[in-house]
1. Return only the number of the condition from (1) outside any strand (DSSP E or B); (2) within 15 Å of the ligand (Cβ to nearest atom) that residue 183 does not satisfy.
2. Looking only at segment 246-287, which residues are surrounded by 14 or more Cβ atoms within 10 Å (Cβ to Cβ) and not in a helix (DSSP H, G or I)?
3. Six or more apart or on different chains, Cβ under 7 Å: which pairs go from a residue in segment 242-257 that's modelled with pLDDT under 95 to one that's in a helix (DSSP H, G or I) and surrounded by fewer than 17 Cβ atoms within 10 Å (Cβ to Cβ)? Could you list them?
4. Identify all residues within segment 146-168 that are within 15 Å of the ligand (Cβ to nearest atom) and either more than 14 Å from residue 198 (Cα to Cα) or surrounded by fewer than 24 Cβ atoms within 10 Å (Cβ to Cβ) (or both); write none if there are none.
5. On the basis of being crowded, with 24+ Cβ neighbours inside 10 Å and within 9 Å of the ligand (Cβ to nearest atom), does residue 135 make the cut?
6. Run down 76, 102, 61 and say which single residue is surrounded by 22 or more Cβ atoms within 10 Å (Cβ to Cβ) and closer than 23 Å to residue 275 by Cα.
7. Of all residues in segment 89-139, which are under 11 Å from the mean Cα position of the chain (by Cα) and assigned to a loop (DSSP other than H, G, I, E, B)?
8. For residue 240, state whether it is assigned to a helix (DSSP H, G or I), touching a helix residue (DSSP H, G or I) at 6+ places or on another chain (Cβ under 9 Å) and away from the ligand (no atom under 16 Å from the Cβ).
Ligand SMILES: CCCCC/C=C\C/C=C\CCC/C=C/C(=O)SCCNC(=O)CCNC(=O)[C@H](O)C(C)(C)COP(=O)(O)OP(=O)(O)OC[C@H]1O[C@@H](n2cnc3c(N)ncnc32)[C@H](O)[C@@H]1OP(=O)(O)O
């Protein structure tokens, strides 16, 4: 249901964005075409796909980038040989900087609402996926980046990076479904601590509270993710999937029944003068930080 609803919006979104993406079968591997920002490969012997995010400088999630991700996820979802997907980054030291702040700054209203719908769709697809999903977190992962990681079934992270929902630090409230995803991952008490304070946790701190399942050195993260995936793929598939669906369905349904209201709420908030002013200052600070 989640995937179907997301797909119809996705098709519309693709038309509006006016870009097409396709996955081509080349010998034994699936690869994305026409895109430098997303590479998807699939090993047809194991059924394991790898999705590598490559949108410099920081893999921030723009409308077009999320549309590409959604199309690739949808394609893998319907690829009968695909059993699992590992999500990682091709950008050194950054998994994803979260939502592209430029999308929210001085936006065109229509694009802003499409941006938010596409984010909702990405989450519905990923959190509701039939596939086993593993995040190989090889860099910093704030806010929307943490959402992507938390939406997976399992997280492996390299030391030396930070992860968390830092929204309150920016003076904004994490959307309810970001909070729900974190509660699903680490429980309500830890979520309250993390979200109220907008904590960005080190890899080790994240592992201590279960936000990350395993810590491995950066150079072993890809091989560990594959080994971990193999162990998940040994579990009888129907039993594993129904268990996942039983646990996740109520969380997915909560957003599905309020999608339009959530878009409206986000757009109204983001378009406020005070919020636009804060966004402008935040962007300035990010740029200043680079010059220092
Ligand atoms: C402040 C008020 C906000 C109001 C928002 C309004 C409405 C929103 C309502 C609800 C939404 C809630 C949900 C939000 C979810 C999100 O994901 S918001 C995004 C949160 N992300 C961040 O705050 C991350 C900010 N970035 C960083 O902390 C760092 O960049 C880094 C990821 C740790 C990487 O550090 P470093 O390697 O040192 O790189 P630089 O900082 O130098 O950055 C390089 C360039 O990338 C640009 N950039 C960084 N992050 C983003 C981003 N999220 N979106 C767009 N662009 C980003 C940065 O400006 C640099 O650009 P230039 O090279 O200077 O052009």
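The values are calculated or read from the model by the stated rules, or taken from the named source; none is laboratory data. Quick caveat, the model's predicted, so the values are computed rather than measured. Methodologically, a virtual Cβ is constructed for each residue, glycine included, from the backbone with ideal geometry; neighbour enumeration extends over all protein chains shown.
1. Condition (2) is where residue 183 drops out.
2. If the condition is that a residue be surrounded by 14 or more Cβ atoms within 10 Å (Cβ to Cβ) and not in a helix (DSSP H, G or I), then 258, 271 are the ones that fit.
3. So the pair list comes out empty.
4. If the condition is that a residue be within 15 Å of the ligand (Cβ to nearest atom) and either more than 14 Å from residue 198 (Cα to Cα) or surrounded by fewer than 24 Cβ atoms within 10 Å (Cβ to Cβ) (or both), then 148, 149, 150, 151, 157, 158, 160, 161, 162, 166, 167, 168 are the ones that fit.
5. It is false that residue 135 is crowded, with 24+ Cβ neighbours inside 10 Å and within 9 Å of the ligand (Cβ to nearest atom).
6. On inspection, the qualifying residue turns out to be 61.
7. Those that are under 11 Å from the mean Cα position of the chain (by Cα) and assigned to a loop (DSSP other than H, G, I, E, B): 95, 96, 97, 98.
8. Details: assigned to a helix (DSSP H, G or I): yes; touching a helix residue (DSSP H, G or I) at 6+ places or on another chain (Cβ under 9 Å): yes; away from the ligand (no atom under 16 Å from the Cβ): yes.
Here the answer is yes, as residue 240 does meet what is asked.
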